[in-house]
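Trainee: One structure is given below, represented as structure tokens, and several questions about it will come after.
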Amino acid sequence: QVQLVESGGGLVQPGGSLRVSCTASGRVSSVWTMGWYRQAPGKQRELVALITSSGRPTYADSVKGRFTISKDSAKSTVYLQMNSLQFRDTAVYYCNFHDYDSTYWGHGTQVTVSS
């Protein structure tokens, strides 16, 4: 089993920045993919950004150039720096961990962009 603990999120004005982080613990393998999905009210959950244990990132087109995903493998932690936040970025952000044969989800953290 892998446990995911998310932190960060909150309320920010348009154009502002936030950082969310996710730390994995438990049976964390050396090869994994971690990252973030988000779900806005009335919409399906969608990919935001992922990063592999080797450091290769993947971004949704909607966040390219504004969000940056990074990792600290020693801490099994992934960070998502979100800049130039827009109203449409408002959602619950869920941490995701995937290794050889398992996928885990965090409980989610709310990000609200509002003036």
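Read-outs: derived from the displayed coordinates by stated rules, not from any lab. Values in this document were obtained by computation on a predicted structure and should not be read as measured data. Cβ coordinates were reconstructed from backbone atoms using ideal geometry, including for glycine residues, and neighbour counts include every protein chain displayed.
Trainee: Could you tell me how many of the residues in the range 68-89 are of a type outside the set (Ser, Thr, Tyr) and touching an Asp or Glu at 6+ places or on another chain (Cβ under 9 Å)? Lay out the reasoning, then the answer.
Mentor: Applying the first criterion (of a type outside the set (Ser, Thr, Tyr)) to the range 68-89 yields 69, 71-72, 74-75, 78, 80-83, 85-89.
With the extra rule that they be touching an Asp or Glu at 6+ places or on another chain (Cβ under 9 Å), the set shrinks to 78, 82.
Of the residues in that region, 2 qualify.
Trainee: For the condition within 13 Å of the chain's Cα centre (by Cα) and under 17 Å from Val113 (Cα atoms), what is the one hit in Gly35, Gly9, Gly15?
Mentor: Details: Gly35 fails: under 17 Å from Val113 (Cα atoms); Gly15 fails: within 13 Å of the chain's Cα centre (by Cα).
Answer to the selection: Gly9.
Trainee: Among (1) in contact with a helix residue (DSSP H, G or I) (Cβ under 7 Å, 6 or more places away or on another chain); (2) of a type outside the set (Gly, Ala, Ser); (3) under 15 Å from Leu80 (Cβ atoms), which single condition is Met34 missing?
Mentor: (1)
Trainee: Counting only residues that are surrounded by 13 or more Cβ atoms within 10 Å (Cβ to Cβ), touching a residue at least 60 places away in the same chain (Cβ under 8 Å) and small (Gly, Ala, Ser), give me the strands (runs of 3 or more DSSP E) lying completely in the range 1-104 with at least 1 of them. Give the derivation first.
Mentor: Details: elements: 2-8, 10-12, 18-26, 33-39, 46-52, 57-59, 67-72, 77-82, 91-98.
Answer list for the range 1-104: 2-8, 18-26, 33-39.
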